[in-house]
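Below you'll find the structure I mean.
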Amino acid sequence: MIRMLLVMLLTVCMALSAGCKKNSPSADKASKQSQNVQKDTAGEQDGSMDNGGSGQQSNLGGQSSGQNESQGDGQGSSQQGNTDDKGSAGRFKTPVVTSYEENGVRYIKESSTLIDVIYPMHENTFANETFVKWSQINVSLSTSNVDQEKSAYILIAHILWPEEDTIQGIESFEYTTYNGKCTFHKSYNPFNVKNSQFIMEPLKVSAEESRKLVLDVVLEIPASDYAWNSYRQKTTVEKGLVSDALINVIIKVKVTYKDGIEKTDYYKVKADIQGMESMELYKLE
């Protein structure tokens, strides 16, 4: 009997002890803290993955953006460079013109980018001009390379001069050109485009040599934008500039006869080099 009472008492005490532990606030708190820790840990893991992913994407995006900007700038610079590299007549410099006097003759010096040209001026005016003859002419053009800035080049027109009508009884001819960048040469001694200075000097030749004369016209002209033509002007443009250069030219021809008599006449030319390559000769009085 006593043993049964002891067993029952022990059972009741164990039951009471289990109930107290289950309802303990500290136990509940510990359980909640454990659950919160688990949630925070999971949250940190999720957050680190998001941040890592987004950070990596952000860096790649930044690199891509930077590369695009760099490529864009490079292309922009390249296009700008190509634009600047085009030949442009706008860079052509107007010649600097100075004058001086020597032995009673006034000379003009035109200093351009590539060449200096010196020629005499004829100050007198003529009241009349008389047509003398029309001649077919043969014109060949020589050009230098376009300068490094693609702004200008040298053009020399070699015009085969028409023969004199007669040379009988004539000892020599002396030709002097005024008011323009041209002068006469013997056919075997033309101006060369490699020169940097051109002086328009008188030429004296025998009667026989007068049948093989070349009138050289020297010009420095603007380059073009024609890459296909090595940045030179079209041939029609070049010939037109040569024709224009002859408009104000005066040619003095001094004839010395075998009997010692001398005669001097003045002429001007009107050239059509663009079309038929012809020339009209007028005597000035």
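The values are calculated or read from the model by the stated rules, or taken from the named source; none is laboratory data. Small disclaimer: the values here were computed from a predicted structure and weren't measured. When we count neighbours, we look across all protein chains shown, and the Cβ atoms used for this are built from the backbone with ideal geometry, even at glycine.
Which pairs turn up if I take residues in region 196-207 that are touching a residue at least 12 places away in the same chain (Cβ under 8 Å) and look for partners that are part of a loop (DSSP other than H, G, I, E, B) and basic (Lys, Arg) with beta carbon separation below 9 Å, at least 6 apart in sequence or on another chain?
Phe198/Lys181; Met200/Lys181; Ala207/Lys258
Of all residues in region 152-167, which are part of a strand (DSSP E or B) and either under 12 Å from Pro222 (Cα atoms) or β-branched (Val, Ile, Thr) (or both)?
Of everything in region 152-167, those that are part of a strand (DSSP E or B) and either under 12 Å from Pro222 (Cα atoms) or β-branched (Val, Ile, Thr) (or both) turn out to be Ala152, Tyr153, Ile154, Leu155, Ile156, Ile159.
Can you tell me which residue in region 215-236 is nearest to the chain's Cα centre (by Cα), limited to those that are surrounded by fewer than 14 Cβ atoms within 10 Å (Cβ to Cβ) and not polar (S, T, N, Q)?
Asp225
Of the conditions (1) under 27 Å from Gly240 (Cβ atoms); (2) at pLDDT below 95; (3) of a type outside the set (Asp, Glu), Tyr175 clears all except one; give me its number.
Here Tyr175 clears every test but (2).
If you check Ser135 against the conditions, is it surrounded by 17 or more Cβ atoms within 10 Å (Cβ to Cβ), more than 30 Å from the chain's Cα centre (by Cα) and either in a strand (DSSP E or B) or modelled with pLDDT under 90 (or both)?
Answer is no for this residue.
Cβ contacts < 6 Å: first residue within 19 Å of Cys182 (Cα to Cα) and outside any helix (DSSP H, G or I), restricted to region 219-238; second residue at pLDDT below 95 and of a type in the set (Phe, Trp, Tyr), any location; separation 6+ or different chain. Result?
Short answer, once both residue conditions are applied: Pro222/Phe92.
Condition check ((1) in contact (Cβ under 8 Å) with a residue 40 or more places away in the chain; (2) on the phi > 0 side of the Ramachandran plot; (3) part of a strand (DSSP E or B)) across all residues:
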{"site": "Arg106", "(1), (2), (3)": "no, no, yes"}
{"site": "Lys109", "(1), (2), (3)": "no, no, yes"}
{"site": "Val117", "(1), (2), (3)": "yes, no, yes"}
{"site": "Ala127", "(1), (2), (3)": "yes, no, no"}
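State the number of residues belonging to region 254-285 that are at pLDDT 95 or above, farther than 17 Å from Asn128 by Cβ, touching a strand residue (DSSP E or B) at 6+ places or on another chain (Cβ under 8 Å) and of a type in the set (A, V, I, L, M, F, W, C).
Residues in region 254-285 being at pLDDT 95 or above, farther than 17 Å from Asn128 by Cβ, touching a strand residue (DSSP E or B) at 6+ places or on another chain (Cβ under 8 Å) and of a type in the set (A, V, I, L, M, F, W, C): 1 in total.
Going by the conditions given, is Glu149 outside any strand (DSSP E or B) and either modelled with pLDDT of 95 or more or touching a helix residue (DSSP H, G or I) at 6+ places or on another chain (Cβ under 8 Å) (or both)?
Yes: the conditions hold for Glu149.
The conditions are (1) modelled with pLDDT under 90; (2) surrounded by 13 or more Cβ atoms within 10 Å (Cβ to Cβ); (3) among the polar types (S, T, N, Q), and Thr113 fails exactly one of them. Which is it?
(1)
Still on this structure, please answer the following. Check Ser142 against each of (1) closer than 25 Å to Asp265 by Cα; (2) surrounded by fewer than 20 Cβ atoms within 10 Å (Cβ to Cβ) and name the one condition it does not meet.
(1)
Can you tell me which of (1) among the small types (Gly, Ala, Ser); (2) over 20 Å from Ile167 (Cβ atoms); (3) free of Cβ contacts under 8 Å to residues at least 12 places away in the same chain is the one Gly260 doesn't meet?
Among (1) among the small types (Gly, Ala, Ser); (2) over 20 Å from Ile167 (Cβ atoms); (3) free of Cβ contacts under 8 Å to residues at least 12 places away in the same chain, Gly260 violates only (2).
Assess whether Lys252 counts as being out of contact with any helix residue (DSSP H, G or I) (no Cβ under 7 Å at 6 or more places or on another chain), under 19 Å from Ser210 (Cα atoms) and surrounded by 13 or more Cβ atoms within 10 Å (Cβ to Cβ).
Yes, satisfied.
So, one more: Go through region 145-159 and report how many residues are surrounded by fewer than 17 Cβ atoms within 10 Å (Cβ to Cβ) and not polar (S, T, N, Q).
Of the residues in that region, 1 qualify.
Restricting attention to region 239-285, and to residues there that are part of a loop (DSSP other than H, G, I, E, B) and charged (D, E, K, R), which single residue is farthest from the chain's Cα centre (by Cα)?
Selected residue: Asp259.
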